[in-house]
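Read the figures in this text as sums done on the coordinates, not as results from a lab. Note that the structure is a prediction, hence the values are computed from the model and not measured. As a convention, Cβ positions derive from the backbone with ideal geometry for all residues, glycine included, and neighbour counts pool all protein chains shown.
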């Protein structure tokens, strides 16, 4: 099945046209000095106390593989805007720069660079669109999932989002990002195959409906999959639970159904009622799995109210990050030809130069960060590492998915409780500018005014 | 550049695991009768008066190409849940069913099927996840874009969303859906190549910043691209406009800059100020292009206030459908083995059987719809057409992208003004049930209660 995600296109053309018009201008103007671009989020959404950096591995693969194929060059020529010499230069176009980044699974805050790219300006400029697209998507989804995992208080969370996540690429990357954020598994089989993730899923309402009686559906499914999860809410939830109890009586020792799933209605009342029915029948080991338009706030409310729910299937809300479906992420020129660069657009001003994030911890808990110059000598643990040299990954990059997950768990665990919590952190996590970086900015702004 | 959207996976595995566990159950239980699944949206988001159906072409390609490749079968075997005979049956698995759908670009309302799939139950069930994913994404984005186009009152709208749209597949499908909804062009070069869409884009702030003076950047860019658009807000917007005026004086007859672009700040005040500066310099033909966190409400407000803006670049808000980033879309079994099927979960009940939408028009304007049985004899224009027979597209399907765009424009034009408007339609567009369909539902519910 040669399914491609759309009619054929050249991967190098996954970019905004202006990257290419600018590239031709740099080519004509012979501007080839080193540029430093910094990727960061200007403001966190109000419902996020931190972001979980994610997506670096796909960015590094892209940078290593970037080539203009013949169809790309022919298409660009057909636009009538690009000269032969420029198009010929694209044949040899490669990414040859350096990349500094925080490891995937690192919590970051507003203004802190998730990565910085240093390369001849054409290369560093051109990759903007793709790099932003992937880091934005995966950081967005990992950040949302970290909240859902926190809300579930150690109970398993499973990704059910594929049907409403925005497209195939997002469905794959979501499962990946969710794993890093601590989600237990996914319903997405291709993600299981591609990333080695745990996959799960049993039955839909349609399976129940296709049988003349709910009990027939349960019996047939449990015969084939003895340790399955049975979906009980197709007609009447508690009646469905009674059918499961009935099946247990019928099968006796052969009954090994692992859980029931509730997918609609008042989950607190239904889970409590279901738990009582199961316990009264001695089915203490049958667990309760809940799904159906869940998000971190509902999970938190259910568990705070004592709902006897053992695991959660979370779909659309996590998969589209519904309460904050985008981040104010940007990729900005901060240095060119050795000089820091400014931008003063209202609400969009920039900090110049190569940077480092220093995380200052006290007794194993993060207290605040210092955003400084790359070469700053300030207190704290530096978070950005070099991950690519001259267009090749460093041997240590990337860490594996499971390493990123462990890293995320450790780093989130070191955040103050108020920052890990679902409610807005009061006060927000503090990020200071180092004196040297503040001086650089002030000097540049004064120079511009002069 | 062999960029794939993630580590390798088998396209047939782009599905939820439960589709496969159910498939094995149908296989073991020898359930192979025809099932009818209906895809519809249960409730429209409060900010949508209608949805614009989109994504059918990708669904039909998928259905035609669906095959389990060897790596897929090996992966499924490795899960330890599937029997050899079942896996062997998957080798021959093809979609052989029929599809009825509304043409892409058709406005639809809550409960109205965008498509119905009729096939042996295993086939109709299995395709659920992918079909939902694509129709959801493209309908979501086309519906949002139709609002932006309406707000722009005939001015051009360009898609700038690629950097924050959720992943690569969504960025491609977004450009496609936006075209159908009436958007003029896209910055996404791969979408231009794949779909033949108009692409546009000139320069970013980084290009301006990389030059020591804004005026140098403008001069160099206009020399290379005489009819370009110059971005004027990097440092001080009106000062940037003055630099453009200066450049016009310098270049005289050679000055052919087509437009300036504003990307931040108070767009009403800045566009008015810029217009005055340009007009005072006799540059009446230089147009004003606005971008920067725009959506349909801001565009409507700007134009209502008389902002002299000639075209809009719209990015994230349209690209993630920020005010409604998902639809309550479902794919439900409505008939199996010739019998209508029910579901009674709270808030999620179903209408049974094969359906048709009948649009009743008065004087060329849609008055209301009747949702009826497929074979109903009621007034109105039927909207669902057969687009696939025995797993093959009908010769008339799909219509081309431009046909879909023209269809959308015509159909949206026939909606009542209150339904096309941005504010919630009062009253909402009326969708009645046909007497025959209502009878079918009542009969089934009574039979279930008995």
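Some points to look at:
- Exam field: residue B:427 pseudo-label spacings to other copies (7 Å along Cα-Cβ), nanometres: 5.7
- Summary value for chain A: 22 percent relative contact order, contacts being C-alpha pairs under 8 angstrom separated by 6+ residues.
- Segment A:279-342: C-alpha gyration tensor shape, a/c 1.5 cut-off, then a/b vs b/c: prolate
- Sites residue A:223 and residue B:414 - FRET efficiency at Förster radius 41 Å, r taken between beta-carbons, to 0.05: 0.15
- With its label point defined 7 Å out from Cα along the Cα-to-Cβ axis, residue B:385 lies at 5.8 nm from the matching points of the other copies, in increasing order.
- For segment A:205-294, the relative contact order works out to 28 percent when only alpha carbon pairs closer than 8 Å and six or more residues apart are counted.
- Axis angle, to the nearest 10 degrees, between helix B:214-224 and the longest C-alpha principal axis of chain B: 70 degrees.
- Label 7 Å beyond Cα on the Cβ vector: residue A:361 copy-to-copy distances, nm: 6.8
- Relative contact order for segment B:150-319, counting Cα pairs under 8 Å that sit 6 or more residues apart, in percent: 27 percent
- In nm, spacing of pseudo-spin labels at residue A:386 and residue B:32 (7 Å Cα→C-beta vector): 6.4 nm
- Across the alpha-carbon atoms of segment B:326-450, the computed radius of gyration and Dmax are 17.1, 52 angstrom.
- Alpha-carbon centroids, segment A:203-232 and segment B:364-390: separation in whole Å: 35 Å
- Shape of segment A:150-219, Cα gyration tensor, a/c cut at 1.5: prolate
- The translational diffusion coefficient of chain B, from Stokes-Einstein at 4 °C and 1.567 mPa s with a Kirkwood hydrodynamic radius over alpha carbon pairs, comes to 53 µm²/s.
- Rounded to the nearest angstrom and listed largest first, the equivalent-ellipsoid semi-axes of segment B:150-319 from its Cα gyration tensor are 27, 19, 14.
- Shape call, segment A:314-368: gyration tensor on alpha carbons, a/c limit 1.5: oblate
- Kirkwood estimate for segment B:1-63, i.e. one over the average of 1/r between Cα atoms, Å: 16.0 Å
- Once the Cα atoms are used to define both axes, helix B:267-280 deviates from the longest principal axis of chain B by about 40 degrees.
- Chain A: angle of helix A:17-28 to the longest principal axis, Cα-based, in degrees nearest 10: 20 degrees
- Approximate shape of segment B:235-353 as ellipsoid semi-axes (Cα gyration tensor, √5λ), whole Å, largest first: 53, 14, 11
- Order of B:360, B:387 - criterion: other Cβ atoms within 10 Å of each residue's Cβ, fewest first: B:360, B:387
- Descending semi-axes in whole angstrom, ellipsoid equivalent of the protein assembly as shown, from the Cα gyration tensor: 48, 33, 24
- Pairwise centroid distance, computed over Cα atoms, of segment A:427-443 with segment B:81-96, Å: 61 Å
- In plain terms, the bigger the Kirkwood radius, the slower the diffusion; for segment B:45-148, with that radius from Cα pairs, at 37 °C and 0.692 mPa s, Stokes-Einstein puts D at 211 µm²/s.
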